[in-house]
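Data first, discussion second: the structure below is written as structure tokens.
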Amino acid sequence: MILFTALLSPAVRALPGWTVGTAGESAWLTGILAFPPFLLLGWMVFSLCRRSGGLAQAYQDAFGPLAGKVVIVIYLSWALFLLCAEGRLYAERMLSAGYRSAAPWVFLLVLLGVVLWMGRRKLGAFARAAEICYLVLALTLGLVLLFSILDMSPEHVLPVWITDVPAVTAATLVPVGVLSCGVFGGFLGGNVTRRSGDAERGLLWLLAGCGVLTLLQFGVLGQLGPALCGRMDIPFFEVARGVGVDGAFQRVESVVVALWVLSDFAMLGLLVFAIRKGAGAVLGPRWEHWAAPVAVIVAFLGGLTLFPDDFSVEKVSSAWVPWGNLILAFPVPALALIVTNVKGRKKMDTSCGEKRGKDTGYG
């Protein structure tokens, strides 16, 4: 639930606005094609965490204490950068929602203050808060998607031809890259209670997530069309503007934007807890307590200094963030898994050799 809730914010921001430029009216299919790479990512992280309890320990086991800590520091640096970028994007979204006379640092300070308050508590408390956020956002998202699909124009999304497959495949890099920041959830693997059927539950959550990505783009594209989606910052909120029932409720865009703060809270909280675990693995357990306030201070100062305006943060988030996420989400865990398997085979071969030597009298 933490991952699902946290990733709704970047998903809504990037889709389908960033995919229509490549895939056009077929962009909604990227949610379906994103399933195989996400399944691969989930399997790698699940395999590493099952052996070591979390990515921080898994990387030290695979690469050694020193090299493993270097890898963890790289993840920590990227997590801090994402904190700055995601916080600044949240502030800009609140400004564009109707609070243009306010200063962005006010919104950023309030959200980071709540994240700090929760980040110094136990992960279980944050998980319970994320569960409440999930329920509220799932209801809101379902309402918006229902009205968008009922009011859509089918010619905006259909028909789909076989010739569209190359463009859709290329556009799939967008959702995969943007949402691969979920790899930081692997740092919390040591705090998750193992139960039978974990893999099956993870698969169901992944299917649900890819289904949401597909319906999100299908509904927004079907109502606005690819040309209009490509010109808007966040098409989903424009669709929310038209949600309503005459005589009951109308124009709920501001409510949807306000509720989406819950996803930002989950996203920043996920990064803060991942930073806590990474800092504890590199510097020692006692430093884990101080990692949250340091991360929040860096996010506040960095969000305002690195990104002085909305153009700079939008440019960085669309051009560099997906590639950074992809590098940390796929090649690094894959290499760690390969090294871990090689070490395991060598250890097994050595043990078998010693056993055979004892059995034949040459041990």
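The values are calculated or read from the model by the stated rules, or taken from the named source; none is laboratory data. On a predicted model such as this, the values are computed, not experimentally measured, just so you know. Glycine gets a Cβ as well: all are built from the backbone with ideal geometry, and neighbour counts include every protein chain shown. The protein model used for the area step is the full one, side chains on, heavy atoms only, and it has no ligands, DNA or RNA in it. Shrake-Rupley method; radii C 1.70, N 1.55, O 1.52, S 1.80 Å.
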At R0 = 45 Å, FRET efficiency that the Cβ-Cβ distance of L204 and K315 yields, to 0.05: 0.80
From Cα pairs below 8 angstrom and at least 6 apart in sequence, can you work out the relative contact order of segment 60-149, rounded to a whole percent? 13
For a paramagnetic label modelled at 7 Å from the Cα of L109 toward its Cβ, which residues of segment 263-304 fall within the zone defined by backbone nitrogen distances under 14 Å? 297, 300-301, 304
Checked against a 30 Å limit on the C-alpha separation, the offending pairs among K315/K343; K69/K346; K277/K343; K69/K343 are K315/K343
Given the protein chains as shown and a 1.4 Å probe, how many square angstrom of S196 are accessible, to the nearest 10? 110
Computed label-point distance, nm, for sites I132 and L301 using a 7 Å Cα→Cβ extension: 3.2
Is the C-alpha gyration tensor of segment 16-126 telling us rounded, prolate or oblate? Criteria: a/c under 1.5 is rounded; beyond that, a/b larger than b/c is prolate, otherwise oblate. oblate
Check every DSSP H run in the chain and write down those whose alpha carbon atoms cover 15 angstrom or more along the long axis and whose mean Kyte-Doolittle hydropathy is 0.5 or greater. 2-14, 35-52, 65-96, 104-119, 123-150, 198-224, 261-283, 288-305
Computed [θ] at 222 nm, helices only, for the chain once each DSSP H run of length n ≥ 4 contributes -39500 (n - 2.57): -24500 deg cm²/dmol
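Counting alpha carbon pairs within less than 8 Å and at least 6 residues apart, what relative contact order, in whole percent, applies to the chain?
Working: 470 pairs, mean separation 135.3, N = 363.
Computed over the chain, the figure is 37 percent.
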Expressed as a whole number of Å, what is the distance separating the alpha-carbon centroids of segment 34-81 and segment 144-177? 32
